[in-house]
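Written below as structure tokens is the structure these notes are about.
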Amino acid sequence: MAAPLPLPALHATHAGIWIAEGGRVREVQRGEAIGQLASTPHVLLNAPLVGQRLGYADVSGLDLLELFAFIHPARFAVPTVPGMARALDLAPPTAERDAAPVLLDIAAALLDRLGEEQWSEREGAWTANVSLHRLGWSWAPFVAQWLAKPERGERMLFSRLEPWEEQSDRPPPRTVSIPQADAEAKLTELTGREAEPRLGQRAMAREIAGIFAPRPALGAPNLLLAEAGTGIGKTLAYLAPSALWAERAGGTVWVSTFTKALQRQLDAEGRRLFPDQEECRRRIVIRKGRENYLCLLNLEDAMQGAFSGRAAVLAQLVGRWAAYSRDGDMVGGDLPGWLPSLFRRAGATALTDQRGECVYAGCPHYRKCFIERAERAGRDADLVIANHALVMVGAARGRPDAPTRIIFDEGHHLFDSADSTFAAALTGREAIELRRWIVGPEGKSRGRRRGLSARLMDVASYDEQGGAALESAIDAARALPSEGWLTRLAEGDPFGPMERLLAEVRGTVYARAKAQEAGYGLETELAEPDGSLVSAAAGALEALEALAKPLAALVRRLEAILEDAPDWLDSQARARVDGAIHGLGWRRDTLAAWMAMLGRIGAAADPDFVDWLAIDRAEGREYDVGLHRRWLDPTRPLAKVVLEPAHGVLVTSATLRGAEGWPSAEQRVGALHLASSARHFEADSPFDYAAHAEVLIVTDVGRNDMAALAGAYARLIEAAQGGTLGLFTAIQRLRAVHARIADRLARAGLPLLAQHVDPIDTGTLVDIFRDDPHASLLGTDALRDGVDVPGDSLRLVVMERVPWPRPTVLHAARKLAGGGSSYDDRMVRARLAQAFGRLIRRQGDRGLFVILSSALPSRLLNAFPDGVVISRVPLDIAVARVRERLAGGILVDAPATAGECE
């Protein structure tokens with residue numbers, strides 16, 4: 001190994017700060033550490049996190065995570081000192097004090113890789129480092145010492161990427177059925193004949209085979225609702241018949257999930273179906289929304305000077321990753337989730353297609369585009385792994401490759417996904433994005449000339465009708481909000497009809513809404529609007545109609561040009577026209593939804609929808625204003641647009657029925673809106689929850705006593721020696737608890753991670769939590785059912801209060817329509833069941849579930865599995881029970897104590 005760098009290393013945690021220099025380690029105070037960093041470059045790990053620990057935002061140094069991302073792009077390592085050490089086959093430190101010198105060992109090991117002949121990511125490194133040196137990257141001089149200039153010039157990134165190949169359309173799938181015995185035999189093949197048989201898994205595979213039978217009538221899919229308890233093995237139960245049908249019918253089965261964690265799990269399980277890596281990649285494809293993928297045109301701009309400062313460094317590191325990435329997925333793919341957070345996400349979102357500005361075939365990198373590659377690969381795949389939103393959007397837009405055989409895993413989220421997908425929002429931020437897409441960059445704003453005029457210069461120059469429609473659309477779009485609109489609203493000086501509408505919305509909200517909990521915005525239902533709001537809505541409606549008409553004319557003209565191509569329409573012009581038609585389609589749908597909302601103001605209410613006005617705020621600061629519309633029952637469009645056109649659909653989850661039974665499940669997934677009836681399947685979890693889990697309801701922690709709440713968390717985590725997932729219903733309380741107890745726990749050797757506090761993405765926080773059995777993690781809703789941490793790393797779940805739904809306008813309307821308090825009860829039971837489900841994920845898992853609220857009604861306790869001991873106890877007894885049963889970090893059996901609930 002190379003000699004350690006002749007630089008000091010700094011390691012900072014809640015437990016203390018240590019500097020390693022000259023072969024010795026010393027503990028320092030914050031002031032000295034900040035002074036040292038300002039005068040001398042230090043080796044450190046995760047500069048934003050170190051800065052947070054020091055209370056000093058602008059920490060700079062030689063960040064080992066950046067060096068790792070340069071040397072090993074598209075590889076993941078847990079971004080902690082032990083995690084990085086293990087990734088490089090080094091001995092991890094046994095104490096926080098020992099971590100500082102290990103940082104120097106990690107740096108030496110990484111730099112050593114630059115000289116190894118077997119280093120597989122060498123190509124492009126020298127050229128990238130030259131660019132990074134010009135940008136002032138702190139590691140560049142050290143990398144240059146170890147990285148020899150290649151004898152031949154290195155290929156540019158964009159020439160190294162393989163182009164995708166256009167293929168003929170896949171024929172429609174053949175009409176076949178899958179016999180139940182065949183499905184079970186395929187499952188046996190996947191699990192191995194020597195594996196212990198799971199009767200529930202086999203029964204489920206047999207039942208699922210029925211969804212692949214020919215559907216009996218148009219609009220009558222073969223629909224199966226299946227509740228499969230944790231541990232059944234439902235993933236392989238549905239993959240077995242799905243793979244059989246795809247092979248025999250020559251069709252594609254879409255497997256839709258809600259969380260990225262399950263997508264990764266499905267991708268891993270796919271290797272059982274196709275052990276050969278290349279075949280697996282060809283026959284199983286992960287699909288996500290366009291905003292998840294790296295845009296090569298954005299990257300090219302960023303690498304050629306559109307980015308500056310730290311954002312430019314990120315662009316170069318992303319460029320390194322792009323050459324080695326499996327699929328270009330920047331969100332949950334093989335780009336380490338911690339990399340963008342090192343740059344405070346500066347520039348990360350600008351590297352994806354966030355604004356829908358893609359020019360499609362008009363892009364010079366179109367043939368190498370990650371998005372297009374994934375879409376085409378999905379057309380020929382046996383299995384496409386996607387998410388609920390992508391499946392619904394594809395169906396809603398009438399895409400020709402919309403799925404007809406669908407597996408909805410995590411099906412308890414279908415209602416919420418449909419609620420978001422089929423929603424409409426006319427807000428300032430949405431309107432200004434539409435203006436930018438049509439008009440292009442204005443004033444001092446920078447851009448890539450992506451306005452419609454720049455894209456369709458051929459139409460404007462050679463086609464009189466198209467040019468006139470284009471100019472009219474651009475003129476009409478200038479009535480939409482522009483830069484500085486929020487300031488003008490606050491100052492009472494709106495410009496144009498749309499800003500006048502937003503000003504009236506803002507005034508109405510402030511006049512009617514009551515102040516809500518900090519961190520949330522303000523809202524009020526759209527009822528009995530006053531005359532000024534009705535008048536402003538009428539003016540805004542006229543402005544939108546004035547925009548919709550030329551856009552419709554432009555689309556018609558563009559379609560005519562493609563149909564009867566003039567001489568001037570070369571391949572590049574055709575590509576731009578085709579891309580414009582594609583982008584205009586869904587923007588016209590957006591305009592139609594906005595106009596429908598405005599037409600509602602002052603008219604009779606539509607009973608199918610809930611409309612309200614809102615001011616969105618963060619930390620008390622306004623960032624958006626507008627009107628919102630949601631379906632009262634979003635499963636109606638879900639059934640019409642997604643389920644009815646399908647031939648076979650499985651909806652499955654461990655908590656699909658809940659305590660209310662199948663009628664509630666059918667209502668939540670839209671089955672009640674179909675002409676045909678759904679079949680049902682249920683298989684209880686094989687886990688012995690009664691023996692391996694316990695629920696404690698703490699009775700003496702005050703609802704609004706923050707000191708008591710923080711003390712309870714600290715004592716419970718100390719009793720469990722870490723391994724705790726803490727769930728909060730409000731970010732404010734999470735932050736307050738973390739601030740009070742993080743130092744205390746760290747000094748006891750119990751690291752505390754926190755969503756919305758630590759400058760690390762949620763997925764990486766979970767990875768760190770999983771990697772350290774003494775760590776604990778605090779989070780909110782995203783962690784309630786998006787965490788899969790089996791084993792001792794998660795042995796205690798603590799909820800700070802009953803997870804009642806927030807009393808919004810939308811919730812109030814649905815509660816009224818859904819049965820009043822029973823509607824709230826259903827939601828709380830589901831949330832409790834999902835939170836409890838984090839505790840036991842695999843055979844052998846054990847743990848306790850604690851809720852710090854005596855206000856949990858007994859009628860909700862059937863959210864927990866039958867037989868689990870549920871006790872109402874004071875905090876002292878709860879702490880003693882946790883210490884007793886989690887002695888040494890492993891749950892031991894103990895007799896139930898007094899206070900059990902009946």
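Extending 7 Å from Cα along the Cβ direction at V534 and again at L672 yields two label points whose distance is 3.5 nm.
For segment 594-675, which trypsin sites (Lys or Arg not before Pro) are both in a DSSP coil and crowded by at most 11 other Cβ atoms within 10 Å? Taking segment 594-675 and a limit of 11 other Cβ atoms within 10 Å, no loop trypsin sites (Lys or Arg not before Pro) are found.
Using a simple spin-label model with pseudo-atoms 7 Å out from Cα toward Cβ, D688 and K149 lie 7.1 nm apart. Exposure proxy for L839, L502: other Cβ atoms within 10 Å of each Cβ, ordered fewest to most, give L839, L502. Reducing segment 623-659 and segment 373-391 to their Cα centroids gives an inter-centroid distance of 20 Å. Using the Karplus relation 6.51 cos²θ - 1.76 cosθ + 1.60 with θ = phi - 60°, the per-residue 3J(HN,Hα) values for segment 557-571 come to 5, 5, 5, 5, 4, 5, 6, 10, 5, x, 5, 6, 7, 7, 5 Hz, with x marking Gly and Pro. Amide H contacts of A213: I178, each under 5 Å away and 5 or more positions distant or on a separate chain (H built 1.01 Å from N in the peptide plane; Pro and chain starts excluded). The calculated FRET efficiency for E247 paired with S420, based on their beta-carbon distance and R0 = 41 Å, is about 0.75.
Multiplying the residue separation of D276 and K514 by 0.36 nm and removing their Cα-Cα distance gives an extension gain of 79.7 nm. Electrostatic bookkeeping for Q755 treats Lys and Arg as +1 and Asp and Glu as -1; over the other residues with beta carbon under 12 Å from its beta carbon, the sum is -1. Listing K234, K815 from fewest to most neighbouring C-beta atoms within 10 Å gives K815, K234. Grab the other residues whose beta carbon is less than 10 angstrom from that of W568, score K and R as +1, D and E as -1, and report the net. Charge balance in the 10 Å sphere: -4. In plain terms, if you count all Cα to Cα distances in segment 359-413 and split them into 5 Å steps from zero, the share in each step is 4, 16, 23, 24, 17, 10, 4, 2, 0 percent. With R₀ fixed at 45 Å, the C-beta to C-beta distance from E559 to A855 puts the FRET efficiency at about 0.15. Mean residue ellipticity, 222 nm, helices only, the chain: the sum of -39500 (n - 2.57) across DSSP H runs of n ≥ 4, divided by residue count and rounded to 500, is -13500 deg cm²/dmol.
Under 5 Å between amide hydrogens, built in the peptide plane, is the criterion, and for I385 it picks out V255, V285, I286, R287 among residues at least 5 positions away or on other chains.
Couplings 3J(HN,Hα) for segment 714-723, derived from phi with the Karplus relation 6.51 cos²θ - 1.76 cosθ + 1.60 (θ = phi - 60°), are 4, 5, 5, 5, 5, 5, 7, 6, x, x Hz, where x marks Gly and Pro.
Equivalent-ellipsoid semi-axes for segment 1-113 (Cα gyration tensor, √(5λ), whole Å, largest first): 21, 15, 13. Near F408, the amide H atoms lying under 5 Å from its own belong to S256, L650, V651, T652; only residues 5 or more places off or on other chains count, and H is placed 1.01 Å from N.
Highest mean packing comes first when the peptides 723-733, 83-93, 857-867 are listed by Cβ atoms within 10 Å, giving 723-733, 83-93, 857-867.
Backbone phi angles across segment 504-512, fed through the Karplus curve with coefficients 6.51, -1.76 and 1.60 (θ = phi - 60°), yield HN-Hα couplings of 5, 4, 4, x, 5, 5, 5, 6, 10 Hz in residue order; Gly and Pro are listed as x. Packing here is the average count of other Cβ atoms within 10 Å per residue, and on that basis the peptides 535-545, 328-338, 821-831, highest first, run 328-338, 535-545, 821-831. Counting neighbouring Cβ atoms within 10 Å and putting the fewest first, the residues E682, E800 line up as E682, E800. Shown here for segment 475-509: GluC sites (Glu not before Pro) in loop regions (DSSP other than H, G, I, E, B) with at most 16 other Cβ atoms within 10 Å, namely E483, E491.
Bear in mind that the values in this text are calculations on the coordinates, not laboratory data. In this text the structure is predicted, and so the values were computed from the model without any measurement. Heads up, the Cβs are rebuilt from the backbone with ideal geometry, glycines too, and the neighbour counts pull from every protein chain shown.
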